[in-house]
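See below for the structure under consideration.
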Amino acid sequence: MSTLEHPHFLIVDDDPTFSRILARAMTQRGYEVQVAQNVEQALQLLETQLPDQVTVDLKMEGASGLTLIPHLRAASPDMRILVLTGYASISTAVEAIKLGASNYLPKPANADQILAALAQQDADPEREIDTQPMSVNRLEWEHIQKVLGEHQGNISATARALGMHRRTLQRKLLKRPVSR
């Protein structure tokens, strides 16, 4: 790990605009920042520099960001790892935490929200509970994500389990999830 004077921050995200903006924001906050566009690049960067904090995008070209979490955790048990995604679901959040992520945050998120999520050490039992139930569309998204996880991301097997045509499932997965 780096010294506290110059903490290292790794951004693993295939969105170049988001990565550039976040890198600039973290640099302004005193971090030395490295950016990887996929899991393979991130693994190469780990060989040269261990970051103190990492944001990992869930859905990228190639391997999922979830596959990187065990490697990060093995490299440094103290590393703070935040899964940051535009495709948030309960099942992927649970999986990320099981794999060793420190926290999970849906996009869009700004640098202050990201740093607050990374700094959070313990769960907040005082967190306000949403009294509004999820919409039917959100429930469908959550169910698809759960079944997709049960089938290790295999689209064809998931479509068969859901009794849905594979192309229909692919179209649903390409859409951003509804927020509620």
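So how far apart, in nm, are the two label points at residue 156 and residue 91 if each is 7 Å from Cα heading toward Cβ?
1.9 nm
Answer with a single label: of [x] 44, 36, 32; [y] 49, 40, 29; [z] 54, 38, 29, which was calculated as Cα extents along the principal axes in Å from the structure in view?
[z]
Given the options 88, 101, 161, which has the most mean-square fluctuation in a GNM of the chain, springs set between C-alpha atoms less than 10 angstrom apart?
It is 161.
Based on the mean of other Cβ atoms within 10 Å per residue, sort peptides 20-26, 51-57 so the most packed one is first.
Sorting 20-26, 51-57 by mean packing, highest first, produces 51-57, 20-26.
Given springs between every Cα pair under 10 Å in a Gaussian network model of the chain, which of 65, 163, 149 has the largest fluctuation?
Of the options given, 163 has the highest mean-square fluctuation.
Round to a whole number: what % of the accessible area of the chain belongs to carbon and sulfur, probe 1.4 Å?
Carbon-and-sulfur percentage of accessible area, whole number: 53.
Which of these, 85, 168, 27, has the largest mean-square fluctuation under a Gaussian network model of the chain (Cα springs below 10 Å)?
168
So, for the range 1-97, what is the accessible surface per residue at a probe of 1.4 Å, expressed in square angstrom?
48 Å²
The values are calculated or read from the model by the stated rules, or taken from the named source; none is laboratory data. Worth saying up front: this structure is predicted, and the values here are computed from it rather than measured. FYI the Cβ positions are ideal-geometry reconstructions off the backbone, even for glycines, and counts take in every protein chain you see. The accessibility values were calculated without ligands, DNA or RNA, using every heavy atom of the protein model including side chains. Shrake-Rupley method; radii C 1.70, N 1.55, O 1.52, S 1.80 Å.
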